[in-house]
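J.: This is the structure I have questions about; it appears just below.
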Amino acid sequence: MVIVYLLLILSFILINFYKTKRSLHMLQQNLYNENNRYLKWVMKNKKQFIDIDLLVVIITLIVTLFVYNNEFMVVLLSIIMALLNVLMAIRWRRNIKNDQNKKKLVVTARIKRLICTILILFAIPLVFMVLHSYYTKNIWNMFLVLSLMTYLNNFVVFIAMLINTPIEKCVYLHFKTMAQSKLRSMPNLKIIGITGSYGKTSSKRILADILNVKYNALPTPRNLNTYNGLIMTVNNYMDKFTDIFIAEMGAYVKGEIAGLCRLVKPKYGILTTIGTAHLESFGSQENIQKGKFELIESLPSDGFGILNADDPLQVSYKLKNNVRIIWIGIENKDVDVYASNIKCSNKGTSFDVTFKGDKKKYHFQTKLLGKHNVYNILSAIACGKEFGIDTDDLIEAVSGVRPVEHRLELKHLGNFYMIDDAYNSNPVGAKRALEVLGMMPGIKVVVTPGMIELGEKEDEYNKVLGEQISEVADYVILIGEKKTKPINDGLLEKGFDKDKIIVFNDVREAYPFITTLTGKEEVYALFENDLPDTYNEK
């Protein structure tokens, strides 16, 4: 019996290892439950509670209450449970391995602290139940607790996070104080904040590339656009040689951008585009507009903000401070920095720039694709001019701007061109990506799982996306039949050939199909949005 029990315990350890790894990954991806994101993920994945581990709980309950004195039944059911646990562990391991992760679980100090707390959470009730079992002569009390904790693993991880909250607050305050002290010790540092519903990361990268022709500019790495991300950037990446700090600022609710501004105190600000991204968490379009303008309204009077005159939500907003505003535009000519004669090809984009008060047109060429990237470049040019960079140097800098990974990044894959716009999608960004695809020659393919985090209007926006795709694409590959139904409906309502709509459950299945389309004409495949792990459709 001892060997049987040891095998059963080992099987529980094995399944909990993989379930905990998955739960920690989702907790980290969902910003440690900021705005209840992790709990929302758990609720959206209710089907995980109707699984083999529920059967294990039921079997354990039966043994605990009825047959714990029947040695034959105990051995038989123990072996069955161990096998079920091993099967679940194998499946969880395979699912984790096959997930289309843009970002793996990062084992940070915070994750290590969580793992310690989770181990303690498992140990305390087990020790108690072992002692209880000693007196009741029923060790299955312990197994019942273990099976329940395995079944509710998501919540065990969540409880561990709650327990660690005071510790994490102390850690946060320590590193926050360090970051603020460091910023105070650099009075000549220029700090630029960048926010918007879309295009923050692209704008940040473009701005850094352009300003680096004269200055040592430090942009926040990757997507470190939260409180912890900015603190980490200042403490770990900034040094005495940094001239400019470019702080990308993300938000899910009103007040977050204002908090980030209080943290790093930007003197200059760039607002990209105001749209519907994170509409569900913000609650309304008006809240999004006010939330984004928290950056501009935090700037001092001797700083400046750069706004887009082609964005109605920026033009219509009534500022509550007197910071100087620099306007950029393409459609609106009455601006400080204006772009015209925009041409796009598979080699990049060219355009002319006119500065207010200067009748001369300056020709720019970039490897980047799309009209929206011209807006980002205009913001960077406007900022560069204010910081004293010559126009000729700006022209050279723009030509050397590197494409941002997964944001309309053109790649030549074997016998077709991939337009990689996989890193998040939204109604405005998707429309712009389709405009870029429409400018390309040859056969045009769209690969997408649709758009997410758009609240009650998500299906409506995805149906419109289908209608827009029908005007550009020759073939459409949808990833996940259930999630992409609104896109499919939009395509069919516009009369798109249903035989040219292909549905796969895994994006990797799209590549072999695309290669079959190659022939005399070049093939351009737009990969629009990469469905994150929290929404994978299996």
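The values are calculated or read from the model by the stated rules, or taken from the named source; none is laboratory data. What you see is a predicted model, and the numbers here were worked out from it, not measured in a lab. Quick reminder, even Gly has a Cβ in these numbers, built from the backbone with ideal geometry, and neighbours come from all protein chains shown.
J.: Answer yes if at least one residue in the range 45-52 is within 19 Å of the chain's Cα centre (by Cα) and not assigned by TED's automatic domain parsing to the domain that holds residue 282, and no otherwise.
T.: Checking the range 45-52: at least one residue is within 19 Å of the chain's Cα centre (by Cα) and not assigned by TED's automatic domain parsing to the domain that holds residue 282.
J.: So how many residues does the range 268-320 have that are in a helix (DSSP H, G or I), farther than 15 Å from residue 194 by Cβ and hydrophobic (A, V, I, L, M, F, W, C)?
T.: Residues in the range 268-320 being in a helix (DSSP H, G or I), farther than 15 Å from residue 194 by Cβ and hydrophobic (A, V, I, L, M, F, W, C): 5 in total.
J.: Here's another thing I want to ask about it. Need the failing condition index for residue 214 against (1) buried (at least 18 other Cβ atoms within 10 Å of the Cβ); (2) modelled with pLDDT of 95 or more; (3) of a type in the set (Lys, Arg), just the number.
T.: Residue 214 satisfies all of (1) buried (at least 18 other Cβ atoms within 10 Å of the Cβ); (2) modelled with pLDDT of 95 or more; (3) of a type in the set (Lys, Arg) except (1).
J.: Output the residues belonging to the range 493-529 that are exposed (fewer than 13 other Cβ atoms within 10 Å of the Cβ) and among the basic types (Lys, Arg).
T.: 498, 508, 520
J.: While we're on this one: So which residues in the range 429-441 are within 17 Å of residue 347 (Cβ to Cβ) and in contact with a strand residue (DSSP E or B) (Cβ under 6 Å, 6 or more places away or on another chain), if there are any at all?
T.: Scanning the range 429-441 gives 437, 439, 440.
J.: Do the conditions hold for residue 259, that is, is it within 28 Å of residue 183 (Cβ to Cβ) and either at pLDDT below 90 or small (Gly, Ala, Ser) (or both)?
T.: yes
J.: When you scan the range 210-246, how many residues do you find that are in contact with a Ser or Thr (Cβ under 6 Å, 6 or more places away or on another chain) and touching a residue at least 24 places away in the same chain (Cβ under 8 Å)?
T.: Qualifying residue count for the region: 4.
J.: What tally of residues in the range 92-136 results from selecting those that are under 21 Å from residue 52 (Cβ atoms) and at pLDDT below 90?
T.: 8
J.: Something else about it: Filter the range 322-354 down to the residues that are of a type in the set (Asp, Glu) and in a strand (DSSP E or B) and list them by number.
T.: 352
J.: Still on this model: State yes or no: is residue 380 under 13 Å from residue 210 (Cα atoms), surrounded by 16 or more Cβ atoms within 10 Å (Cβ to Cβ) and out of contact with any strand residue (DSSP E or B) (no Cβ under 9 Å at 6 or more places or on another chain)?
T.: no
J.: Look through the range 102-123, keep the residues that are among the β-branched types (Val, Ile, Thr) and assigned to a helix (DSSP H, G or I), and return whichever of them is farthest from residue 232 (Cα to Cα).
T.: Top of the filtered list is 120.
J.: Hand me the list of helices (runs of 4 or more DSSP H) wholly inside the range 412-504 holding 1 or more residues that are among the hydrophobic types (A, V, I, L, M, F, W, C) and modelled with pLDDT of 95 or more.
T.: Qualifying helices (runs of 4 or more DSSP H): 458-470, 485-493.
J.: Taking the range 71-97, which residues are over 17 Å from residue 7 (Cα atoms) and touching a helix residue (DSSP H, G or I) at 6+ places or on another chain (Cβ under 9 Å)?
T.: If the condition is that a residue be over 17 Å from residue 7 (Cα atoms) and touching a helix residue (DSSP H, G or I) at 6+ places or on another chain (Cβ under 9 Å), then 91, 92, 93, 95, 96 are the ones that fit.
J.: Further, regarding this structure: Suppose the filter is among the β-branched types (Val, Ile, Thr) and without any contact (Cβ under 8 Å) to a residue 60 or more places away in the chain; does residue 130 pass it?
T.: yes
J.: Please find, among 384, 357, 388, the residue that is out of contact with any Asp or Glu (no Cβ under 6 Å at 6 or more places or on another chain), outside any loop (DSSP other than H, G, I, E, B) and of a type outside the set (A, V, I, L, M, F, W, C).
T.: Residue meeting the stated conditions: 384.
J.: From the residues in the range 388-428 that are of a type in the set (Gly, Ala, Ser) and in contact with a Leu (Cβ under 9 Å, 6 or more places away or on another chain), which one is nearest to residue 351 (Cα to Cα)?
T.: The residue in question is 397.
J.: Now for a separate question. The conditions are (1) farther than 27 Å from residue 396 by Cα; (2) out of contact with any Pro (no Cβ under 7 Å at 6 or more places or on another chain), and residue 233 fails exactly one of them. Which is it?
T.: (2)
J.: If I filter the range 40-60 down to residues being in contact with a helix residue (DSSP H, G or I) (Cβ under 7 Å, 6 or more places away or on another chain) and closer than 12 Å to residue 154 by Cβ, which single residue comes out as surrounded by the most Cβ atoms within 10 Å (Cβ to Cβ)?
T.: 53
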